[in-house]
Amino acid sequence: MRSLTAVPASSDTFHAPGPADFDLPGIFGSEVTKPMVLVVLSAVIAFGLFYAMSRKAAVVPGRLQFAGEYVYDFVRNSIARDTIGSHDYMRFVPLLFTIFLFVLVNNFFGVIPLIQFPTMSHIGYTTALALITWLVYNTVGVLKHGFFGYLKHQTVPSGITGPILIALVPLEFFSNIIVRPFTLALRLFATMFAGHLLLILFSLGGEFLLLHFEPRILGIGSGLFSFLMAIGVSFLDMLVMFLQAYVFTLLTAMYIGSAIAEEH
Amino acid sequence: MFKTLVLAAAEEKAKEDELNPLVPHLAEIIIGAVVVLLLLWLIAKFVVPNFEKAYAERTTAIEGGLQAAESKQAEADAKLAELEKQLGDARHEAARIREEAREQGAQIVAELREQAQVEAARIVEHGKTQIEAERQQAVTSLRAEVGTLATSLAGRIVGESLDDDERSSRVVDRFLAELEGAN
């Protein structure tokens, strides 16, 4: 700790990265920020890529189409069909596929060189997604069961009667109708935010240690170690990026599936 | 440094109050939602139908192939069954012909045997008849000859003395010798 005080406080004091680092200024002084550009770019990339992959619709797929079908199959069969059931799932495949691609591409912006910013670390975008999910599963539920039928479907667990319902119904309503969009939005936002913050911390901290820390030996050693950690965290973050896209899509499918289920 | 860190943290804290990352910007929600809905429209309109079309075509192709294979198999099975039936028929026919030939052979042998027996019987009968006729003829001619002989013998015997036993036996002996000589 004694050596830490030797750091010159004037120019090279290390500021730990925080939420302020996520508040990027508008590009060219306008109101348009980097995440706004990225979110549009992600849609262009996702559509362009998968339109190119699916355009031929060949019976015997080429390499590109095979890759596209691999991803599409994953969402269509592993997520949508297995969760919603083979009767209704096809209606929701476009939505689930869109959500998966959108979240995946935006998450991976965090590790793509020159872009290096996960759009989903801004809670506004995850809120938009969670709102869409919330609207969709509640709407299909109401359409299927009727307004009060749907409320009963979501709040009264089957096979339970008596006074326990007084406690259960508000709880179920709270968890199934109110909490779901918040957890959806927060989970995705928080993981992306934390992953990116860790990356910034290890890379900025590593840079600081490497260039300015006294004694130099200790600074260079720990700085290099910090960069190694940044690389390790990047790989971990990539796993998390994929997992979060999967989890968001899977939960959306589960909410839709439970909303249109015949019984609990 | 610790002091600096605390100060820095306090500074950050002050900033954080302004930049609470948990408060979404309305602009971001709107942009996010619009982009997602646009992407959803594009994907639903252009990407998903293409993939599904490929799947459907693939399913049809595979099912068609399976059906063709099945019909080919059925055809082959039918042909095989037909050939086996033909083979069985041919075997049956051959066995029938063999059986028939055997029967015919046996019949022919039996017929021939019968014919031969009839023939033999006929020959025997014929022989018997001939013998009988010849015997009859012999008897007739013998009877006539014996009559003549008896007459001539009686004449000789009567011509000689019939009292002398010795003489009469001599006469008979001579007569017999003559007979033998005549022969």
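For the reader, a short list of remarks on this structure follows.
- Tabulated pairs, region B:140-163, first among the hydroxyl-bearing types (Ser, Thr, Tyr), second assigned to a helix (DSSP H, G or I) and at pLDDT below 80, C-beta under 7 angstrom, 6+ apart or interchain: B:Ser161/B:Arg167
- For first residues located in region B:25-48 and at negative phi, partners that are among the polar types (S, T, N, Q) and in a helix (DSSP H, G or I) and lie 6+ apart or on another chain with Cβ distances below 7 Å form the pairs B:Ile29/A:Thr127; B:Val36/A:Thr98; B:Leu39/A:Thr98; B:Leu40/A:Thr98; B:Ile43/A:Thr98; B:Val47/A:Ser54.
- Matching residues in region B:1-54 - criterion: being modelled with pLDDT under 85 and facing another protein chain (nearest Cβ under 7 Å): B:Met1, B:Phe2, B:Thr4, B:Ala8, B:Glu12, B:Lys15, B:Glu16, B:Leu19, B:Pro21, B:Leu22
- Of all residues making up region A:77-91, the number that are surrounded by fewer than 23 Cβ atoms within 10 Å (Cβ to Cβ) and either within 13 Å of another protein chain (Cβ to nearest Cβ) or over 18 Å from A:Met254 (Cα atoms) (or both): 5
- Residues in region A:10-40 that are hydrophobic (A, V, I, L, M, F, W, C), part of a loop (DSSP other than H, G, I, E, B) and crowded, with 17+ Cβ neighbours inside 10 Å: A:Phe14 alone.
- Among all residues of region A:47-69, there is none that is in a helix (DSSP H, G or I), more than 10 Å from chain B (Cβ to nearest Cβ), at pLDDT 80 or above and closer than 25 Å to A:His196 by Cα.
Yes/no matrix, rows are residues, columns are (1) of a type in the set (Lys, Arg); (2) without any contact (Cβ under 8 Å) to a residue 24 or more places away in the chain; (3) in a loop (DSSP other than H, G, I, E, B); (4) loosely packed, with under 12 Cβ neighbours inside 10 Å:
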residue: A:Gly162; (1), (2), (3), (4): no, yes, yes, yes
residue: A:Leu165; (1), (2), (3), (4): no, yes, no, no
residue: A:Phe189; (1), (2), (3), (4): no, no, no, no
residue: A:Ala194; (1), (2), (3), (4): no, yes, no, no
residue: A:Ser203; (1), (2), (3), (4): no, no, no, no
residue: A:Phe208; (1), (2), (3), (4): no, no, no, no
residue: A:Phe225; (1), (2), (3), (4): no, yes, no, no
residue: A:Met229; (1), (2), (3), (4): no, no, no, no
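Residues are listed down the side, and each one gets a yes or a no for (1) within 20 Å of A:Val44 (Cα to Cα); (2) among the small types (Gly, Ala, Ser); (3) touching a strand residue (DSSP E or B) at 6+ places or on another chain (Cβ under 8 Å); (4) in a helix (DSSP H, G or I):
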| site | (1), (2), (3), (4) |
| --- | --- |
| A:Asn107 | yes, no, no, yes |
| A:Ile112 | yes, no, no, no |
| A:Gln116 | yes, no, no, no |
| A:Tyr125 | yes, no, no, yes |
| A:Leu129 | yes, no, no, yes |
| A:Val142 | no, no, no, yes |
| A:Gly149 | no, yes, no, yes |
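- Residues of region A:84-102 satisfying the condition of being farther than 19 Å from A:Glu69 by Cβ and aliphatic (A, V, I, L, M): A:Ile84
- Looking only at residues of region A:92-120 that are polar (S, T, N, Q) and more than 8 Å from chain B (Cβ to nearest Cβ), we find that the one that is surrounded by the fewest Cβ atoms within 10 Å (Cβ to Cβ) is A:Gln116.
- Residue within region A:150-159 that is among the basic types (Lys, Arg), touching a helix residue (DSSP H, G or I) at 6+ places or on another chain (Cβ under 9 Å), under 23 Å from B:Leu39 (Cα atoms) and surrounded by fewer than 23 Cβ atoms within 10 Å (Cβ to Cβ) present: no
The values are calculated or read from the model by the stated rules, or taken from the named source; none is laboratory data. Because the structure is a prediction, the values reported are computed rather than measured. Counting neighbours? That spans all protein chains shown, and the Cβs are built from the backbone with ideal geometry, glycine included.
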